[in-house]
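The values are calculated or read from the model by the stated rules, or taken from the named source; none is laboratory data. This one's a predicted model, so the numbers in the text were calculated from it and none came from an experiment. Positions of Cβ are backbone-derived with ideal geometry, glycine not excepted, and every protein chain shown enters the neighbour counts.
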Amino acid sequence: MAGKIVEGRRVTTDQTLTPDFCIIGSGAAGGVCALKLAEAGFDVLVLEEGPNIPKEQGHGGPSHVRKMLNEREGDMYKLLYQEGATRLTKNGGIKVLQGRCLGGGTAVNWSACLPPRKETLHEWQKRGLPFTRENLDPYLREVVNYLPIVRNDKYNTSARMFIKGCDHLGIPHDNLPNNTHKCRECGSCGVGCPYDRKMSGFVKWLPDAVAAGASVYTDTKVDKLIWRGDRVSEVQARFLDEKTRPTKRKLTVRPAKGVLLAAGSIGTPGVLLRSKLDAGKRVGKFTHIHPVTICIGRYPQRTFPAYGVPDNMWSPKFGDGPTGYLIETGSFFPVLNASATLQHGEALHKLMRDYYPAGAIMYAHHTTGFDEREEYGTVELDDYGEPELDYKLAKANVRSMQESLEVMSKIHFAAGATSVFHLRNPPLEVTPTSGLDELKKIDFAESQRASVFTVHVMGGCQMNPNDERRACVGTDFRLRGMRNVWVVDASVFPTGLGANPQVTIYALALWASREICGQHGKPFTFRHQEGGVWPWPGY
Ligand SMILES: Cc1cc2nc3c(=O)[nH]c(=O)nc-3n(C[C@H](O)[C@H](O)[C@H](O)COP(=O)(O)OP(=O)(O)OC[C@H]3O[C@@H](n4cnc5c(N)ncnc54)[C@H](O)[C@@H]3O)c2cc1C
């Protein structure tokens, strides 16, 4: 029998539920586990603190099928992102963008799909993790064919400028596969695709999970887990209203078989820390991000940079090594970028007037987390009991961030840009003949607040069996010391990934689901091993 989606904001009484499994979070990992455990015949309940995104006719003609997603940045960040897209690291130095809605990050991400770097998998094997390129193959195939992942070669302005600049400089570049299908090129991926053309969690994993019997409660925030010895007995949650305020109504869940944590790499440690379930002080430690440097070029012609597939062109040239970086193209989201300039008044007006109509944008995602002497990030609870990330950029990363800014600037100039703008406080404008040397002086210190951002948060509950200090989750995905608690999201990564993470999160969540089915004597079935076109030649 099909399950249901219940909107917590409409619940008027306290409730108690007794599923087999309670999954906390409906993002990349939560959606996969909900589907596979429901398919295996378990009674599954997903709790999601963000809102439902129901299917209903919207403003854009018959194909606009998610009315709530109105494509306006100002409304959508507040609705779909953690802390209304204002989440910062503790010292304000890095902006942290994470989804907070049905589908989590998959609802708002830019759809780029890369497999895990082989180099990262080798490092993880050295640390005792079981994943190899070979044994991950069926999991990756399942993801590729189910979503599906495709090579969409409709390039937006930023991608076209990137290709031109790279060709001029002899820098190799390639199509970056993604999970869009018949994309309308509206450029709204980052504020939720209202046309169901991006295969996010609320389009694929979650509706299929509900069809297989899972139930999902949205606007339902998990406060804590009640546990004794090695077992959790209860999940305590509160229903939220449409303004995300807690209502008086509570949800109590007593799962017969256990709890899966899929609340993301800040949310999952948050729930565990509030529950005083910290695996011997290992929860929330060694959290990793891919810090992103941004480079906006100004061109002589109008470019309409907010439209098109945001992220389907990249260069692998600089991606190797422990502090390598991937340069990818993006969409110039006007509100997001205007706020990142840290300017106001006439200065902001001039910048946006000069750059927005004629801009093109590139990002570099930097690999972190490989140097075992560095601590990187720590998640702790703030004064209100909410999780907060304290993150220190490693010196080696700062050097590669300075380098990526220089490389991206040169690509822009080779493509014909007349100047390049760097989101720094105070801002920095570089031309082909002046200012490039200044880039090496940017130290990304706290005083330059939020000139760096990240959309990839990983680690904090590491699977790291060879290192006693960091062994927080076992290779069976169980939280250390607990028999019925599994961590299934990006929190388990022992290092940064060095690639856009959603595909790896999906693959590991499939692996975790198979593990959990096996532990409970139920079959796990791959259903999509054939049929698609492998999108990563040579991988
Ligand atoms: C703007 C943006 C662009 C991105 N672009 C890409 C891209 O192009 N390619 C790519 O591979 N990756 C991209 N990512 C990253 C990718 O989407 C994330 O890495 C991925 O979604 C993380 O999966 P997760 O399961 O760990 O957590 P999430 O997907 O973040 O899901 C966690 C969910 O748990 C919920 N939650 C948290 N705490 C609680 C609680 N206490 N109670 C109930 N629910 C809770 C949250 O609301 C959230 O919905 C992007 C992310 C963002 C934000």
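Annotations for the structure displayed:
- Qualifying residue in the range 417-426 (condition: more than 15 Å from Ala360 (Cα to Cα), of a type in the set (S, T, N, Q) and buried (at least 16 other Cβ atoms within 10 Å of the Cβ)): no
- Conditions (1) surrounded by 17 or more Cβ atoms within 10 Å (Cβ to Cβ); (2) touching a residue at least 12 places away in the same chain (Cβ under 8 Å); (3) more than 12 Å from the ligand (Cβ to nearest atom): number failed by Arg231: (1)
- Some residue of the range 283-297 being of a type in the set (Gly, Ala, Ser), in contact with a Leu (Cβ under 7 Å, 6 or more places away or on another chain) and free of Cβ contacts under 8 Å to residues at least 60 places away in the same chain: no
- Filter pass, Ser63 being surrounded by fewer than 24 Cβ atoms within 10 Å (Cβ to Cβ) and either modelled with pLDDT of 95 or more or out of contact with any His (no Cβ under 8 Å at 6 or more places or on another chain) (or both): yes
- Residues of the range 102-161 that turn out to be hydroxyl-bearing (Ser, Thr, Tyr) and closer than 26 Å to Thr368 by Cβ, as a count: 6
- Within the range 452-490, considering residues that are in a loop (DSSP other than H, G, I, E, B) and buried (at least 23 other Cβ atoms within 10 Å of the Cβ), the one nearest to the ligand (Cβ to nearest atom): Asp489
- Each residue in the range 501-522 was checked for being more than 13 Å from the ligand (Cβ to nearest atom) and either more than 20 Å from Cys113 (Cβ to Cβ) or not in a helix (DSSP H, G or I) (or both), and 9 pass.
- Residue list for the range 173-190, filter: outside any loop (DSSP other than H, G, I, E, B) and more than 11 Å from Pro310 (Cβ to Cβ): Asp174, Asn175
- Filter result for Asp153 (assigned to a helix (DSSP H, G or I), surrounded by fewer than 17 Cβ atoms within 10 Å (Cβ to Cβ) and among the charged types (D, E, K, R)): no
- Of the residues Val222, Val210, the single one that is more than 19 Å from Leu69 (Cα to Cα) and either touching a Lys or Arg at 6+ places or on another chain (Cβ under 6 Å) or more than 10 Å from the ligand (Cβ to nearest atom) (or both) is Val210.
- Exclusive hit being buried (at least 21 other Cβ atoms within 10 Å of the Cβ) and either among the basic types (Lys, Arg) or within 30 Å of Tyr391 (Cα to Cα) (or both), set Leu37, Leu80, Leu88: Leu80
- Residue in the range 323-343 that is out of contact with any helix residue (DSSP H, G or I) (no Cβ under 8 Å at 6 or more places or on another chain), more than 20 Å from Pro172 (Cα to Cα) and away from the ligand (no atom under 16 Å from the Cβ) present: yes
- Within the range 452-475, residues that are closer than 30 Å to Cys295 by Cα reach partners that are assigned to a strand (DSSP E or B) and among the polar types (S, T, N, Q) with beta carbons closer than 8 Å, at six or more positions or on different chains, in the pairs Val452/Thr293; Val457/Thr287; Met458/Thr287; Gly459/Thr287; Gly460/Thr287.
- Count of the range 86-108 residues, restricted to those that are in a strand (DSSP E or B) and within 6 Å of the ligand (Cβ to nearest atom), is 1.
- Single residue of the range 126-156 satisfying the filter (of a type in the set (D, E, K, R) and touching a Leu at 6+ places or on another chain (Cβ under 7 Å)) that is nearest to the ligand (Cβ to nearest atom): Glu142
- Among (1) more than 14 Å from Met161 (Cβ to Cβ); (2) of a type in the set (Ser, Thr, Tyr); (3) more than 16 Å from the ligand (Cβ to nearest atom), the one test that Thr303 misses: (1)
- Test: Glu39 is more than 22 Å from Gly308 (Cβ to Cβ), at pLDDT 95 or above, near the ligand (Cβ under 8 Å from one of its atoms) and of a type in the set (Asp, Glu): no
- Residue ID - nearest to the ligand (Cβ to nearest atom), chosen from residues in the range 109-125 that are assigned to a helix (DSSP H, G or I) and touching a residue at least 12 places away in the same chain (Cβ under 8 Å): Thr120
- Evaluation of Lys440 against the conditions (1) buried (at least 24 other Cβ atoms within 10 Å of the Cβ); (2) not in a loop (DSSP other than H, G, I, E, B) shows that the sole unmet condition is (1).
Residue by residue, here is whether (1) closer than 20 Å to Val452 by Cβ; (2) in contact with a Lys or Arg (Cβ under 8 Å, 6 or more places away or on another chain); (3) not hydroxyl-bearing (Ser, Thr, Tyr) holds:
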{"residue": "Trp314", "(1), (2), (3)": "yes, no, yes"}
{"residue": "Val335", "(1), (2), (3)": "yes, no, yes"}
{"residue": "Ala340", "(1), (2), (3)": "yes, yes, yes"}
{"residue": "Lys350", "(1), (2), (3)": "no, no, yes"}
{"residue": "Tyr356", "(1), (2), (3)": "no, no, no"}
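- Per the listing Val216, Val283, the residue uniquely assigned to a loop (DSSP other than H, G, I, E, B) and either over 23 Å from Gln519 (Cα atoms) or away from the ligand (no atom under 13 Å from the Cβ) (or both) is Val283.
- Of all residues in the range 158-182, exactly one satisfies the criterion of being touching a helix residue (DSSP H, G or I) at 6+ places or on another chain (Cβ under 9 Å) and without any contact (Cβ under 8 Å) to a residue 24 or more places away in the chain, namely Asp167.
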